Amino acid sequence: MNYNIIKNIVFSCFFFIFLNSCGKDFFKYSSAKDNPVRGIERAKKNVSEGRGMSLNKMRKSKTTYEFSTSNPLWRASLDILDFIPMSTVDYSGGTIVSDWYTDGTQNDESIKITLRFLSNEVQAGSLKVVVHKKKCSANQNCSISLINNSILVDELQRSILRRAALIQKEQAENKKKN
């Protein structure tokens, strides 16, 4: 016998075996009364049977990822710092970095603000504020220094936390209404 004929016979046998193994559950027939007509109801049924995905179930996992529009700390930070141009705004990385900013009164000094989000909770330990100060001389020699404990750092952190608490309160009231 020819090798190609044997190969085709073996391939056909395996093909029919695999096709037959699909069985009666491959095409599952059901009546219309068992399946919801509306899409939302079908989606809920599929999720309850384990055949779909639900965004609410993701919240029950160990990660607590929130969308940036629902995170009060993030929204408050952008509200408070809306006057300053931003260099980097990365929600997934949890950082906001501003550009160098001068208010116009002193042209030789500028500041750069960095916010690091340590958690989504509205509390003092959830936010780290870092401020850098750049002072340039007339011949464009600039020195950059870190401002650790200053009134500016404390005031920024307090105002962001205060605004975040108000946003969180508004969200809770809107949730009660709905």
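Please treat every number below as a calculation from the coordinates, not as lab data. In this text, all values refer to a predicted model and were calculated from it rather than measured experimentally. Note that we place each Cβ from the backbone using ideal geometry, even for glycine, and neighbour counts take in every protein chain shown.
For the reader, a short list of remarks on this structure follows.
- Electrostatic tally near His132: other residues with Cβ closer than 14 Å to its Cβ, Lys and Arg +1, Asp and Glu -1, net +4.
- Using the Cβ-Cβ distance between Ser70 and Gln140 with R0 set to 41 Å, the FRET efficiency from 1/(1 + (r/R0)^6) comes to roughly 0.40.
- Lysine pairs in region 72-177 with Cα atoms under 28 Å, if 8 or more residues apart or on separate chains: 6
- Note that region 72-177 shows a convex hull volume over its alpha carbon atoms of 108 Å³ per residue.
- Residue list for region 78-115, given a label point 7 angstrom along the Cα-to-Cβ vector of Arg162 and an amide N cut-off under 18 Å: 78-83
- Contact order, relative form, for region 72-177: 24 percent (alpha carbon pairs under 8 Å, 6 or more residues apart, mean separation divided by residue count).
- Rg/Rh for region 67-126 stands at 1.03; both radii use Cα atoms, and Rh follows the Kirkwood definition.
- Neighbours of Asn141 by Cβ distance under 12 Å: Lys/Arg scored +1, Asp/Glu scored -1, total +1.
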